[in-house]
Amino acid sequence: MPTPASREIERLREELRRHEYLYYVMDEPEISDADYDGLMRRLQVLEAEHPDLITPDSPTQRVGGKPREGFQQVPHLSPMLSLDNALNDAELKDFDRRVREGLRGEHYCYTVELKMDGLSMSVRYENGAFAQAVTRGDGQVGEDVTENARTIRSLPLRVKDDAGLERFEVRGEVIMTHRAFERLNEERDGQGLPRYANPRNSAAGSLRLLEPWITASRKLDFFAYFLLVDGQPYFPSHAESLGKLKSMQFKVNPHWKVCGDIEEVLEFCRVWEAKRDELPYEIDGVVAKVDSIAQQKKLGRTAKAPRWAIAYKYAARQQTTIVENIEVQVGRTGTLTPVARLRPVNVGGVTVTRATLHNEDEIERLGVEIGDTVLVERSGDVIPKVVKVTEKSPNARRFRMPSHCPVCGGDIVRVQGEAASRCVNTNCPARLKESVLHFSARGVMDIDGMGDALVDQLVGRGMVSSVADLYDLTPEKLLELERMGQKSAQKVIENIHNSRQRPLPRVINGLGIPFVGERTAEILAETFGSLDHIARAGEEELQSAQEVGPKVAQSIRRFFGEPRNQELVERLRAAGLHFEHQRRRKTGGPLEGLTFVLTGTLPTLTREEAKAKIEEAGGKVTGSVSKRTNYVVAGEEAGSKLEKALTLGVKVLDESGLLRMIG
Ligand SMILES: [Zn+2]
């Protein structure tokens, strides 16, 4: 029989699932991360009190598995076939001719989808709940990656609508977005670990980690495209399956359509080849499938691949060329990035003249030297990279990291355990320029119009020698610059002025402390509440914040220890930036996200003491009982509040119960 606790647990799960769906599948969150965490925390507390009510489909159970020793082999219910490729229009038309002949004059149409560059995975559901996930493997037998796949937030642990199917299987693609991939590699640079070569490799590597909690941190995504029962398509057409998967709240790539003939398929291929850089993930082509399942069956398959589907592959955006030189660029934290100057080469319609080599370790790994012939690759919007050396030059010259900064002549150091070398001169103009650009960037202080050309002039003319100088600029001063009109000068100053409203985490991020990005800035603000507190905290205290380790703490300490940065902070304070944080909650307390009402006289604690203890533990105390109240703490002579709690089914505690929860 459902109890108030089990009802509350189910209600919270429903709510959390809905928000997971809105956030991870629809990309349209309705509540803040903090509110989401609060709901999650409340569910965790309730489940901890009622461990018998924990089920594997609860949103709390995404990451729970123990480290694995290996992966079990699991046979697929029906083979996960690979597709034949069409490398050009003629091959695609050949495929269409074979389909037409195979169907002997029947009318047919195609469903076309983007071919995402990840790895295929099969996910089985039983009675609406996520049951097992298996990699493609060799197509017949894959590996059980259930615990790791559970951590993919766009993959529902319980489906809202199971279409009346007791068991079904969803097949789709596990991918990593460009953004998640870049972040992962930046993290690895910081830890002195080798970079992943591309998003597909890192998605594959992340899915096969033996520690599910590391997989969870990798931010994988899953896009569904097959809905099967007993290994066979369930709906009569592929388009119907896609529609059903979407309504079951799986993530389905929205860019698909039904095409009446092969010309329309070709048009779709061309459109997306031109637009592929706009997508947040990598695609390597288009998949065309005969839409009718009956016709698919009629066409059958060869030993290797179905006859009713084909992958139209885009030209690889790779090309070989010669490394003419290796130069270094200075970033905002002083990081020196080696960049290969290339003999200009056309890669998929774009002339490429340089490629990043990231750092000395990467140069070592590639074994690249000046004069070598290399394979370069372009993907997404990011700067092209060197994939490998294809031919050594007999006169190859080794790259050496300069001992002095190419821009300012300052000393270069490489801290042990880090991949990067840095210019130590905090006044380095190259660093300054990059730091102004970072400070002004979208998502940081959002100063629109503060682009490359403007910053170049401001730094070049000595009008800006620290980000604090931005707040002393006037429209009149800007008018002295080239290509600057009255109106745009006014606009830029207005944007600078508006940036004073950005909350503290943005300000912290804007300072450009090495290893402190968006997320760490957020955590620091939440934990310490003000910039002054962060600036005076010792390394040990800093490490009390979640995810802040010794290296980050040391970097923060070093930053605020420098007189130049202390002066910067004072000037930003004078400019009126936000130095205080509206703390959304106390992090990490056992009562986080829970609301309490106190009533009556408690045996040992005064009302004030009880309130302080609850707040200390992350909970909230309000004056009146409502449906949103989680607990009423009742002492002697508790009155109407206790009655109301009982009618609303709110849980009632005594003082010792409260103290047990606080622990
Ligand atoms: Zn320098």
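The values are calculated or read from the model by the stated rules, or taken from the named source; none is laboratory data. This one's a predicted model, so the numbers in the text were calculated from it and none came from an experiment. Positions of Cβ are backbone-derived with ideal geometry, glycine not excepted, and every protein chain shown enters the neighbour counts. Quick note on the areas: whole protein, heavy atoms, side chains included, nothing else; ligands and nucleic acids left out. Shrake-Rupley method; radii C 1.70, N 1.55, O 1.52, S 1.80 Å.
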Here are some residues: 411, 472. Which one is open to solvent by 60 Å² or more (accessible area, probe 1.4 Å) and within 16 Å of the ligand (Cβ to nearest atom)? 411
Which one is nearest to residue 23 (Cα to Cα), of the residues in the stretch 54-86 that are open to solvent by 50 Å² or more (accessible area, probe 1.4 Å) and among the aliphatic types (A, V, I, L, M)? 63
Could you tell me which of the residues 138, 96, 89, 117 is more than 24 Å from the chain's Cα centre (by Cα), open to solvent by less than 40 Å² (accessible area, probe 1.4 Å) and among the acidic types (Asp, Glu)? 96
Condition check: open to solvent by 20 Å² or more (accessible area, probe 1.4 Å), small (Gly, Ala, Ser), closer than 23 Å to residue 15 by Cα and without any contact (Cβ under 8 Å) to a residue 40 or more places away in the chain. Does residue 163 satisfy that? no
Given the conditions (1) at pLDDT below 80; (2) in the same structural domain as residue 636 (by TED's automatic domain parsing), and given that residue 587 satisfies all but one, which numbered condition is not satisfied? (2)
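So that you can scan it fast, the table gives a plain yes or no per residue for (1) surrounded by 14 or more Cβ atoms within 10 Å (Cβ to Cβ); (2) modelled with pLDDT under 90; (3) not basic (Lys, Arg):
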{"position": "376", "(1), (2), (3)": "yes, no, yes"}
{"position": "431", "(1), (2), (3)": "yes, yes, no"}
{"position": "445", "(1), (2), (3)": "yes, no, yes"}
{"position": "459", "(1), (2), (3)": "yes, yes, yes"}
Under 6 Å by Cβ, and 6 or more places apart or on different chains, what pairs join a residue from the stretch 413-438 that is over 21 Å from residue 554 (Cβ atoms) with one that is in a helix (DSSP H, G or I) and within 14 Å of the ligand (Cβ to nearest atom)? 429/459; 432/459; 433/459
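Yes/no per residue for (1) of a type outside the set (A, V, I, L, M, F, W, C); (2) farther than 16 Å from residue 520 by Cα:
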| position | (1), (2) |
| --- | --- |
| 553 | no, no |
| 556 | no, no |
| 573 | yes, yes |
| 605 | no, yes |
| 608 | yes, yes |
| 615 | yes, yes |
Please list, ordered by first then second residue, the pairs with beta carbon atoms under 6 Å, 6 or more apart or interchain, first in the stretch 319-331 and assigned by TED's automatic domain parsing to the domain that holds residue 342 and at pLDDT 90 or above, second of a type in the set (A, V, I, L, M) and within 16 Å of the ligand (Cβ to nearest atom). 327/339; 328/336
Can you tell me which residue within the stretch 320-342, out of those that are farther than 16 Å from residue 388 by Cα and charged (D, E, K, R), is nearest to the ligand (Cβ to nearest atom)? 332
Name the residues in the stretch 166-194 that are part of a loop (DSSP other than H, G, I, E, B) and surrounded by 18 or more Cβ atoms within 10 Å (Cβ to Cβ), would you? 176, 177
Positions within the stretch 425-442 being near the ligand (Cβ under 8 Å from one of its atoms) and of a type in the set (A, V, I, L, M), in sequence order: 430
So which helices (runs of 4 or more DSSP H) are wholly in the stretch 569-663 and hold at least 1 residues that are touching a strand residue (DSSP E or B) at 6+ places or on another chain (Cβ under 7 Å), without any contact (Cβ under 8 Å) to a residue 40 or more places away in the chain and surrounded by 17 or more Cβ atoms within 10 Å (Cβ to Cβ)? 607-616
